[in-house]
Amino acid sequence: MADEDVKKGLLRGEDGQLRCWWHGNKPDYLVYHDAEWGRPMADDRRLFEKICLEGFQSGLSWLTILRKRENFRAAFAGFDVDRVAEFGEADIARLLTDAGIVRHRGKIVSTINNAARARELRDEFGSLAAYFWRHEPGPEERPARCDHASLSVLAQTPTSKALSKDLKKRGWSFVGPTTVYAFMQAMGLVNDHLEGCCMRQTVEAERQAFRRPGGG
């Protein structure tokens, strides 16, 4: 049975429950898997934080970023869009000396730029949530069965490509289609907990009950 679980991309925890394999039973990663990943999110600050951190994650592991997340929050004013949009050269210099975050000038500058672009989206759509949830994919784009085989090749989708393209047209950076799809997975625009994962039905129930921002 254990071999079959592995083939399905499932990992049994110390509590006996099967979950998606990728948390590796690391305590902090397991909490993230159970309590955050895939839960539908409408809070603008959390949405902005996540898309920025996904950009920082490019070329690294998400666990690396997760373990630095509190440092990122302290460094970037809690990802308050209005405050980050006003960061200047002194802030960039400060961030480049902050060993608690990823000191990549391009990604730091991108986060500040994206905050300004986020304000524009908020002005146009009323909230970041209303904009992002307009891009929730329909059932026709989803795999017939959410299993390891189908998700292992699903690094980007037509919707993530379209959302990436639109964000770039609006001046955002570090928002490629793979980055955007990881954002969609984490923020609950899709439910990619695998069939057999103990959290899949919980997340699906939350998505069913979730009131889409902007009436979407």
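Since every read-out is calculated from the coordinates, none of them should be taken as a lab result. No experiment lies behind these values; they were computed from the predicted model shown. Every residue, glycine among them, receives a Cβ derived from its backbone with ideal geometry; neighbour counts consider all protein chains shown.
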Does segment 194-208 hold any residues that are of a type in the set (A, V, I, L, M) and within 22 Å of ALA149 (Cβ to Cβ), and which are they?
LEU194, MET199, VAL203
Within segment 180-216, restricting attention to residues that are among the aliphatic types (A, V, I, L, M) and assigned to a helix (DSSP H, G or I), which residue is farthest from ALA118 (Cα to Cα)?
ALA205
Options GLY171, GLY196: the member that is on the phi > 0 side of the Ramachandran plot and touching a strand residue (DSSP E or B) at 6+ places or on another chain (Cβ under 8 Å)
GLY196
Could you please find all residues in segment 101-156 being hydroxyl-bearing (Ser, Thr, Tyr), in contact (Cβ under 8 Å) with a residue 40 or more places away in the chain and over 20 Å from CYS52 (Cβ atoms)?
SER152
For segment 20-76, give me every one of the helices (runs of 4 or more DSSP H) that falls completely inside it and has 2 or more residues that are touching a residue at least 60 places away in the same chain (Cβ under 8 Å).
27-35, 44-57
Apart from one, (1) in contact with a Lys or Arg (Cβ under 9 Å, 6 or more places away or on another chain); (2) under 18 Å from LEU121 (Cβ atoms); (3) not charged (D, E, K, R) all hold for SER58; the odd one out is (2)
Inter-residue pairs, beta-carbon under 9 Å, first among the charged types (D, E, K, R) and in segment 157-168, second not in a helix (DSSP H, G or I), 6+ apart
ASP166/HIS135; ASP166/TRP172; LYS168/VAL175; LYS168/GLY176
